[in-house]
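These notes are about the structure you will find just below.
The values are calculated or read from the model by the stated rules, or taken from the named source; none is laboratory data. Just so it is clear, the structure is predicted and the values come from calculations on it, not from any experiment. When we count neighbours, we look across all protein chains shown, and the Cβ atoms used for this are built from the backbone with ideal geometry, even at glycine.
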């Protein structure tokens, strides 16, 4: 859910620019903190990774 707006923002900037890089990597600490504070095991990391990639891709396809 967090990566949808960042995927939208990423799709509207030039590829490999500073903003593009920032919009991909900015949600990572938030997702990490959410996983750690909810005491989820390391087995959930692949699930979070897949959700982050899908959120970026789907967010990039949203036309607003």
Quick one: residue 64 ticks every box in (1) touching a helix residue (DSSP H, G or I) at 6+ places or on another chain (Cβ under 8 Å); (2) surrounded by 11 or more Cβ atoms within 10 Å (Cβ to Cβ) except a single one, so which number is it?
-> (2)
Within the range 20-48, the count of residues that are surrounded by fewer than 14 Cβ atoms within 10 Å (Cβ to Cβ) and under 20 Å from residue 62 (Cα atoms) comes to 3
Can you name the number of the only condition in (1) more than 9 Å from the chain's Cα centre (by Cα); (2) loosely packed, with under 10 Cβ neighbours inside 10 Å that residue 1 fails?
-> (1)
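Table: residues versus (1) at positive phi; (2) assigned to a helix (DSSP H, G or I); (3) at pLDDT 95 or above.
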| position | (1), (2), (3) |
| --- | --- |
| 16 | yes, no, yes |
| 23 | no, yes, yes |
| 31 | no, yes, no |
| 34 | no, yes, no |
| 40 | no, no, no |
| 45 | no, yes, no |
| 48 | no, yes, no |
| 58 | no, yes, yes |
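Among the residues of the range 22-52, count how many are without any contact (Cβ under 8 Å) to a residue 12 or more places away in the chain and within 22 Å of residue 64 (Cβ to Cβ).
1
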